[in-house]
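One structure is given here, and the rest of the page talks about it.
The values are calculated or read from the model by the stated rules, or taken from the named source; none is laboratory data. For clarity, every value in this text was computed on a predicted model and none was experimentally measured. Ideal geometry is used to build each Cβ from the backbone, glycine not excepted, and the neighbour counts take in all protein chains shown. In case anyone asks, the SASA skips ligands and DNA or RNA and just uses the protein heavy atoms, side chains included. Shrake-Rupley method; radii C 1.70, N 1.55, O 1.52, S 1.80 Å.
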Amino acid sequence: MAAAGADELVVEFAGEDFRVVPGDVFRVGREGDLIIDDNLFLHRHFLTIENVEGLWLLSNVGSRLRATVTDSASRVQAWLAPGARLPLVFASTSVIFSAGATTYELTIHIAEPTFRETQQFDDDDGQSTIGEVPLTPSQRVMILALAEPLLRRDGTGMSELPTSAQAAKRIGWTLTRFNRKLDTVCDKLDRIGVPGMRGGARSYATNRRARLVEHAIAARLVTREDLPLLDRELESQPPVDDEAD
């Protein structure tokens, strides 16, 4: 990615860089300055980026979709609902959102961010515990099976969200076992305040999986380095396994 100028912002998506300067209103969606996709589940105009009195703002101008916004180190995470806007204060900000069964990610870079990190506080073992959610090995594998397409992608862009049946087959589980584990993880995240883990809309099943993947990637509950766990889980399973673990 080319470096941003002192007073400009760069949006990175699918290997392309889009420069935004103060005075511009940068539109993201099915149409606009950044045409994400022709996905009919995606708003014609979904997000806008503009500089207001020296501060870059990200706004959700859609009516249905939400976006997960996090800094590059996944220490701060926000859910950008329709009508909401958020100041962009970090040098690098990831924006993850889903439309239908497709998940998208773009990264926003600012040369002179408002927030500058001066010191990082870690545990004695060097691993941060900010936003930590304890997961069992099987819960982590279940999330990995859903997040695999997004994690295997190089850089930003889009990926198709697997169905529960496809994800269960990937790790050698029955659909019953997979859905039971999915319920458990979503309940756990709902209890700590992660939005989107419950709902009653007809598209609830897809929405919940998409929200789980968005949160897991943004909060680094799973990473690309965890992907070998998928093959290990598959190899460890008998041809038929309908027991709970």
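Here are some notes:
- Nearest-0.05 FRET efficiency for residue 163 and residue 16, computed from C-beta distance (R0 30 Å): 0.50
- With 0.36 nm allotted per residue and the present C-alpha distance subtracted, the residue 176-residue 35 stretch has 46.9 nm of extension available.
- Rounded, prolate or oblate (a/c below 1.5 giving rounded, otherwise prolate when a/b exceeds b/c) for the stretch 26-66 by Cα gyration tensor: oblate
- Accessible surface, per residue, of the stretch 25-64 when the full set of protein chains is kept, probe 1.4 Å, Å²: 52 Å²
- Translational diffusion of the stretch 1-75, µm² s⁻¹ [Kirkwood Rh, Cα pairs; Stokes-Einstein; 4 °C; 1.567 mPa s]: 97 µm²/s
- Stretching the chain fully between residue 84 and residue 237 yields a gain of 50.6 nm (0.36 nm per residue, less the alpha carbon separation).
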